[in-house]
Structure formats: structure tokens, C-alpha cells
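For reference, the structure discussed in these notes is given below.
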Number of protein chains: 4
Amino acid sequence: MSDQLEQALEAAFAEATRRYQGRGFQRRVGFGNRPALISVDLANAWTRAGNAFACEHMDDRIIPAMQALLEGFRRYHLPVVHVTTCYEITDRNNINTDMGLWHKKIPVETVNQADSQAWAIDSRIAPIEGELTLIKKRASAFHGTYLGGYLRSAGVDTILVTGVTASACVRETICDGIADGFHTIAVKEAIGDRIPGAVLWNLFDIDAKFADVETVETCLAYLDRVGRTQKAEQPVVA
Amino acid sequence: MSDQLEQALEAAFAEATRRYQGRGFQRRVGFGNRPALISVDLANAWTRAGNAFACEHMDDRIIPAMQALLEGFRRYHLPVVHVTTCYEITDRNNINTDMGLWHKKIPVETVNQADSQAWAIDSRIAPIEGELTLIKKRASAFHGTYLGGYLRSAGVDTILVTGVTASACVRETICDGIADGFHTIAVKEAIGDRIPGAVLWNLFDIDAKFADVETVETCLAYLDRVGRTQKAEQPVVA
Amino acid sequence: MSDQLEQALEAAFAEATRRYQGRGFQRRVGFGNRPALISVDLANAWTRAGNAFACEHMDDRIIPAMQALLEGFRRYHLPVVHVTTCYEITDRNNINTDMGLWHKKIPVETVNQADSQAWAIDSRIAPIEGELTLIKKRASAFHGTYLGGYLRSAGVDTILVTGVTASACVRETICDGIADGFHTIAVKEAIGDRIPGAVLWNLFDIDAKFADVETVETCLAYLDRVGRTQKAEQPVVA
Amino acid sequence: MSDQLEQALEAAFAEATRRYQGRGFQRRVGFGNRPALISVDLANAWTRAGNAFACEHMDDRIIPAMQALLEGFRRYHLPVVHVTTCYEITDRNNINTDMGLWHKKIPVETVNQADSQAWAIDSRIAPIEGELTLIKKRASAFHGTYLGGYLRSAGVDTILVTGVTASACVRETICDGIADGFHTIAVKEAIGDRIPGAVLWNLFDIDAKFADVETVETCLAYLDRVGRTQKAEQPVVA
């Protein structure tokens, strides 16, 4: 990202913050009592170079941030959902395709379900036993999936969202998350994109209206706080 | 089913029909212009004897009815969705299971995703290329799935629903179908269950309030009528 | 309901129970830790004689049961949602109607939003301040409404469902309830219908697969148990 | 908006466009055959100065654009949905509020359902008979509402989205629109926000991935093309 863009955006955010604060935006939703990690599209077609969907800062920032988060969630046996995207019918001329209309905007025809390597979660952060892999067809991890009902039944009240991209699947997942009644946290270092500025302006909008943007460090400290309680507790019903 | 039960139900339905007709229930939703076939849970765990979910009248009625319907849909390249059910985590003690709370009512723990034989569509009516296999986690084929959005993008306005069971997944799919704005048809011979009377009373409720119950013969005649038009038409947008 | 029908159904249920028990159905979902009351369509068009939607056993059974339940929920400031149904456009020839396709099956054109008397909750169980009135357009109180997201944000894990009818709106609400991850309870005496047998066969299906059917007395005892805890607790987040 | 910001964003968009084009993004979804107008939050609390939610460019740009669009939709009796937002319980200390968790980020407590002036559609673009007013609780006009099912039953395959804000309710509505299978169009002059740059960066993201951004003029020409056909056609079902 150019210095000029970053400076211009920071100036715009400062002015927007002034307006937002005067009107009651940019409040804190806060962390709840039982979190799940929702990791969006950190599959090879997004994490590895050479794909249409490949994103930036995977190796130096996003994957290491995810590894730290996974360690925290696994330590306390908290739910982890690895979300990915693929399609059974990727022939763009077939009106019956499960891509719906989305291939008319973006190259979703590049992730065919039969090519499991493309949509498999990156091996550096691969699911372990007891963690779900959820295939979605649209941007939001909630849209057209069982995620909302699943999280409720698992007693989750808080979601930490990571992955790519800030301007599409991560943002949509976050907006649906708070809409569905979950304390929603965007984990700053673990979110990426593929064009200059998109992470900045999307996280700004998100923090103003939908979720708290927090660092990995803050999230790990929260996991330590809440995780210890989880282990001691048995789910007892009345 | 005992004669006594059948007679008692028919008498009840006659009285109910008298009341319903006087109040404007039991109307016809009718067929629309572009149908899809939604076949619910005709997978081995439901179609083959010896499973917790095994249903009655598979070989003598439901599978042959489905074969006739599939031939009709395939002749005109109309969309077919084969719906099945399975879970990644079937340990009932794991609160993080994708079974949600449903295992607390019925034995969903018997269909693990790793055991693909259990949830594979019955080979006598197996999907062919270009037909979708949709995995659901709950009763309705619409709940927590991409089905509604998919059907809209495929230009579908009518769904023919088949499969098992009348008292759960088929009924829920039908109720969601009309709720989502689709002309919804329950195909009489292609719907089953595993307890006496359940097909009768559920199809009665469905026909009164949610969908038209029609025979395979009526549905095939409809496909011939509407299918010919489909082939001639190209999807043109303004 | 005729004795013949009741006897025939009881015999069928006995046989079905034998099969279900052998296969792991009819389990108990149980009560959770924080309940909401979801009361479906107990509005004048359903509770008062002379309407197309009028149901039976309102005065002698359902309204008294609801009054007892409301007292329990109000004692502990637990959430109550009064669900009703109405439409802005009830001209059946207008394709743009918010009735969708449902008027093609049942007489929903009889509840126009402008006629608030028709869809107002029955005055004997009227909402008090702090209780929500939710307008739905379809059978399920969850379908096309904010109910699921609302309940999650309110920390609810259990829903007690009441109202009419057993064969449509109550059943659909219950099926969606457990699908969305809520411990779902059908309150026996507070559920009705308008045709003979429909309450019996629908509650049988529901108890086998979707929710526990419990008496008002059992539910009130539960509220006393769990309500006391609620009052003492402050919602604390990590 | 400062010249510096505009120039920096245009430079960033140029670079992003280069990348997107090389990878198959920024395609055209196109117009379909039957459109609806979805106008988001053009109610007094958003259109009139002095409210927490008040937006910019109402009088000089957005309201006139909406008036032109409404004339086009009304000429051909095409469906119009006026979306607005309000809440029954706006006490932020009440955990049972229908605001869910959203009041923890933005000042939704300022639009109480009892204050109908606040959430009424601006009188300059007020609904006429046959047009729906849809109350939502969250950002997207689809989330927790009957909009998706309604549009399907009305035979709609295309939505033109207008209103405020680009960074929240309009963007979420658009993302859900294409996800649900609708050809989705963002009408450029009829979309606003309340902070500098937000319209620019959100429309850029939207056009790249979710919807076509089109001018009022292009939309009106489309209405003339497609509207004439609508009038001649009777909805015939097979």
C-alpha cells in the first residue's frame, strides 16, 4: 500500500471517528463467555500463490496469527470451525450450477469440489479431530449453512473471526455474526485481502458498526481468562 | 397399517375436509413453470434394511416412483437435488458436535460423514453428472443449506418433493418450500415413513395447508408439458 | 374427536413407540438454563369464534394454560414473544402480495394488517411492557423473522412453544427451534387445532423427533427451578 | 471529501482494478427479467438532519434519484419494498431487547417503534398503496425478514438497491441479494453514507464482487425495456 493511500485513509478515519463518536457509533460489543473460532477461507486456493483467489501476507502474518489462535482454542477444547468454499458444478454455462449467480462477478469456477486440494485448509493450520470443516457457497459463513444453529447448540456466545478476504467473506461473516446475536470479534493480524487499502477500510467500517477489531494478543489473553472456566464447568441443564 | 386405523383416519379426514372446505383451506397451489426435483434422504441408511433410519416400501413403491421421476427430469435437463444427512462429529458427549441438539431426540449419531456408504444416495437412483448432492444437518432440506438461494438462481419456481420421512424431513422441506415462495408438490408414491399411519396423516396435513399431493403420473404429465418449453427456451436477460 | 379415532390412534402410537424405542427415537432433549415463551398465533382471528382460523378449546384449555405460563415467565422476567400473522396486501390477484404463495393453500387473506383487531393478541393474554409482539408471514415463527438471532442475543437456550395450530404454525416453530439449537418444549395443554385428531398425531410426531411434550405443571416447576437462578445472576461477560 | 482522499482512493482503485481484471473479478451480473426496488432506510431518522443516523446528500442527490426510480417502477406496477428499522424495546439495560447486540456498536436505541415518525419513510418518497413497508432489525434487509421468500413468490429475479448506508445496511442487503440468487444492482446516485470516502470504497468493493453499480439513467432505460414486457404478460402457470 502506498504511503499516500495510508495517510489519506488515516485522515479520513480521523474525521469519521470524530463524527461517529459524537453520534454514538464505534461502541464496544465486548467478549462473551464462550467463544468459537471461525476461520474463513484459509484454504490453499486462497493461501497459496498462483491461484485466482491468492491473498497477501499469508506467510508473514496471517498463518502465524492463526497458529497462535489455534493453540489457544485447542488448549481449552473450544470449538473451531474451518470454513472453505467449493462447488459441485463449475461449468459457467450450466444454469443448474451451485455457484448460483456469483460466478457472474468473481472466479468461483476455479474451486471445484472434486479438486479437494484447492479447497483443503492450508496444512499449516489444518483441522484436527473434533474441529469442523464447513463448506459454504457464498461469502458469509452463515449464509446457507448450519453455522448459526450449530453455534447456538454448542453454547457459543462469542465468535472470533479470521481469514480472507476483509472485503468479502470475512466482512459478511462478521456482519451476520452480530446480526445473529453473537459477540463478534475481528482478529486484526489474522485477516487479509488482495488489493491495497481493502483491509484498512473494511476493518474501519467493521469496528465502527459490527464487531470489535482486536489484536491476537488481546484475544489470547481472553482465551486464557475464559478457557480456564470452561474446563472446570460441566454443561448442566435444569 | 391396520384396517381399523385406516378407517378411523379416513373418517377423521372426511370430517376435517368438510370443515376445511367451509373455511377456505385445501386450496391448490398448482404447478409453476420451471420445476426442480428435491429428493430427501433416499440414502442407504434410510433405504436399506437394518439401519436405525430404515423405512418401509422402498423396493415396491418409493424407488420405482423415483426412477420414473428421475427419467422425466433428466429428459428435459431440469435440476435434481439429492439431499442426504451426515455429521462430522458423532460423539454424543462432545458438545461441539454438528449434530446440534438433534441427537437428543433421534439417532443421528448413526450417520458419520466418514462412513460415506451410509449417507450415499441409493445406487438405484444415484446422482448423475450435473445433479447436486446436498448434505443437510437438520430435518428440512432448506434449513441451514444453500437450497433456497440455489433454486432462485437456477430460475426454479416449483419443487417436487420426494423421499423420507413424511413425518420429519419431507414435511419440513415442504413447509419451508412454500414459505420460501416455491410452488410445492408432494409426490404421493415417492414419500415414505417407518411407522403405521404417519404417511397418511402427514400427507393430509400437507395437502390441507402447504403443498398439493399429486401422483407420479400427474407429475410426469406436467414434466412433459413444461419440459418441452424449457428445451426450446434460452435464458435471456434484459 | 370420536372414540374410534382416539382408540385407533392410541393403538398406532403404541406400535410406533415400540419401533421407535428399539431404534433410538423418542429421546428427551430436556430443559436448558434460560427459557423463553414463544406463543404462536393466539390472536383474535385464531382465538375467537367466527373467524376462518378459529380453533377449538380456547376458553376451556388453551387460554387458562397460557395465563398460568405467563404468570411464571413474568415472575422471573424471562422473555416472552407473542407471535401473530398478518399481511399488508391481501388482494389475492396481486402478484406482489406479502402473502407469497400461501394464500393459494389457506385463507391468509382474512388477516389484513390494517385490521389490527384481527391480528391483535387475545386480550386475556395480552402482552405487557417488555414483551415482544412478532409479526410473521409464514407458518414458523422463525421463518423470515428475527426470532433466532433475537433469542441468541438474549442468552436463551430453551423455548417453550404454545398456541395454534398443532398441524401448522406450532409444529413448524418447534421443528425450526430444535434445528436452530434450542432445547424445545411443546406445552401440551396450551396447543390446539381445528380438526379432530390433529393435536394427537402432531404431538406424537413432535415428541418422537423434535421436542419434548410436557405438561403445564412440569413447565411451571421448571420455571421455579431455573427462574430463581436467573434473578440472582447478573449477565457478566469475560 | 478531501481531494487528497479522492485521489488516493482512485489511485488505489486503479491498481486494484488491474489486479482484479487479471484474475477474473469485476465481472457483470447483469439485469434479469423482473426487477424489484429495495429502498433501504430512507426513513426520517436517516434522511432528516439532526438525528444520530442522519446521512449526507439526501436533498441534492438521493431523494431526487429515488423519485425518478419510483416513477419508473410505478409506471410498470413492479414491486417496491420500502425498508426501515425500529425496535420495540430500546432500553439498553434490558437483555430481552429486540435490538439484540447491535446497540452495543451503534445507536439503534434512537428508533423506537412507538415513535413512528422516526422510522416512517420520508414523505417525499412515501409508499403508495400496493407497496410494502418492511421493518428490519439488523443491517441487511434480508436478515431476519421475509424478503427473500417474498421476492421469489413475486417472480422477481433482479433487485435494484438504494438508500443508506453504503457501509452498512445497503452493502449487507446487496451481499445477501446475490447470495440468495438475485441479479443485484447498486444504484449509484441513490446510495449515501455519513462519513467521507465510505460511499466510494464500499461501492468499489461491491462492484468488484457482489453487484453491478449502475446509474439511475441506465436503470430507468432498463425499466422501460423490461417493464413493457411485464405489462403485456399474464403470469401463466403450466
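Has region C:96-113 got at least one residue that is over 20 Å from C:ALA166 (Cα atoms), among the aliphatic types (A, V, I, L, M) and surrounded by fewer than 20 Cβ atoms within 10 Å (Cβ to Cβ)? No - not one qualifying residue is present in region C:96-113. Can you say whether D:GLY149 is of a type in the set (Gly, Ala, Ser), within 12 Å of chain C (Cβ to nearest Cβ), touching a helix residue (DSSP H, G or I) at 6+ places or on another chain (Cβ under 8 Å) and surrounded by 19 or more Cβ atoms within 10 Å (Cβ to Cβ), as far as the supplied structure shows? The answer is yes for D:GLY149.
One residue stands out in region D:101-138 among those that are farther than 24 Å from C:PRO127 by Cα and among the β-branched types (Val, Ile, Thr): the one that is nearest to the other protein chains (Cβ to nearest Cβ), namely D:ILE106. Of the helices (runs of 4 or more DSSP H) lying entirely inside region A:1-100, the ones with 1 or more residues being closer than 25 Å to A:ASP207 by Cα and within 8 Å of another protein chain (Cβ to nearest Cβ) are found at A:3-23. The number of residues in region B:1-32 that are under 23 Å from B:LEU160 (Cβ atoms) and out of contact with any Phe, Trp or Tyr (no Cβ under 6 Å at 6 or more places or on another chain) comes to 6.
Residue count for region A:114-129 satisfying the condition of being assigned to a helix (DSSP H, G or I) and surrounded by fewer than 20 Cβ atoms within 10 Å (Cβ to Cβ): 4.
Scanning region A:222-238 for residues that are at pLDDT 85 or above and at the interface with chain C (Cβ under 8 Å from one of its Cβ atoms) yields A:TYR222, A:ARG225, A:VAL226.
On the stretch given as region C:160-212, residues that are assigned to a strand (DSSP E or B) and under 21 Å from B:PHE13 (Cα atoms) total 3. Taking every residue in region D:210-238 that is aromatic (Phe, Trp, Tyr) and pairing it with any residue that is surrounded by 13 or more Cβ atoms within 10 Å (Cβ to Cβ) and modelled with pLDDT of 85 or more, at least 6 positions away or on another chain, the pairs with Cβ-Cβ distances below 6 Å are D:PHE210/D:ILE174; D:PHE210/D:CYS175; D:PHE210/D:ILE178; D:TYR222/D:PHE31. Take the conditions (1) under 22 Å from B:ILE195 (Cβ atoms); (2) at pLDDT 95 or above; (3) touching a helix residue (DSSP H, G or I) at 6+ places or on another chain (Cβ under 8 Å); C:PRO196 misses just one of them, which is (2).
Give the residues of region A:130-156 that are in a loop (DSSP other than H, G, I, E, B) and farther than 25 Å from D:ILE174 by Cα, sorted by residue number. Matches in region A:130-156: A:GLY130, A:GLU131, A:ALA154, A:GLY155, A:VAL156.
The residues of region A:45-75 that are under 18 Å from A:THR215 (Cβ atoms) and among the aliphatic types (A, V, I, L, M), listed by number, are A:ILE62, A:ILE63, A:ALA65, A:MET66, A:ALA68, A:LEU69, A:LEU70. Applying the selection to region A:88-124, what residues are closer than 23 Å to B:ILE89 by Cα, touching a strand residue (DSSP E or B) at 6+ places or on another chain (Cβ under 7 Å) and in contact (Cβ under 8 Å) with a residue 40 or more places away in the chain? A:TRP119, A:ALA120, A:ILE121, A:ASP122, listed by residue number. Do you know which residues across region D:114-149 are over 16 Å from D:THR165 (Cα atoms) and aromatic (Phe, Trp, Tyr)? Within region D:114-149, D:TYR146 is the sole residue that qualifies.
The residue that is farthest from C:GLY24 (Cα to Cα), counting only those in region B:41-98 that are within 16 Å of the chain's Cα centre (by Cα) and hydroxyl-bearing (Ser, Thr, Tyr), is B:THR84. Scanning region A:108-128 for residues that are more than 19 Å from A:ALA139 (Cβ to Cβ) and of a type outside the set (D, E, K, R) turns up A:ALA114, A:SER116, A:GLN117, A:ALA120, A:SER123, A:ILE125, A:ALA126, A:PRO127, A:ILE128. Taking the conditions (1) touching a Lys or Arg at 6+ places or on another chain (Cβ under 8 Å); (2) more than 9 Å from chain B (Cβ to nearest Cβ) in turn, D:ASP157 satisfies each one other than (2). Among the residues of region C:175-188, those identified as of a type outside the set (S, T, N, Q) and within 14 Å of chain A (Cβ to nearest Cβ) are C:CYS175, C:ASP176, C:GLY177, C:ILE178, C:ALA179, C:ASP180, C:GLY181, C:PHE182, C:HIS183, C:ILE185. For region B:189-211, the tally of residues that are within 12 Å of chain C (Cβ to nearest Cβ), among the acidic types (Asp, Glu) and under 21 Å from B:PRO64 (Cα atoms) stands at 1.
The values are calculated or read from the model by the stated rules, or taken from the named source; none is laboratory data. This structure is a prediction, so every number in the text was calculated from the model and none was measured. FYI the Cβ positions are ideal-geometry reconstructions off the backbone, even for glycines, and counts take in every protein chain you see.
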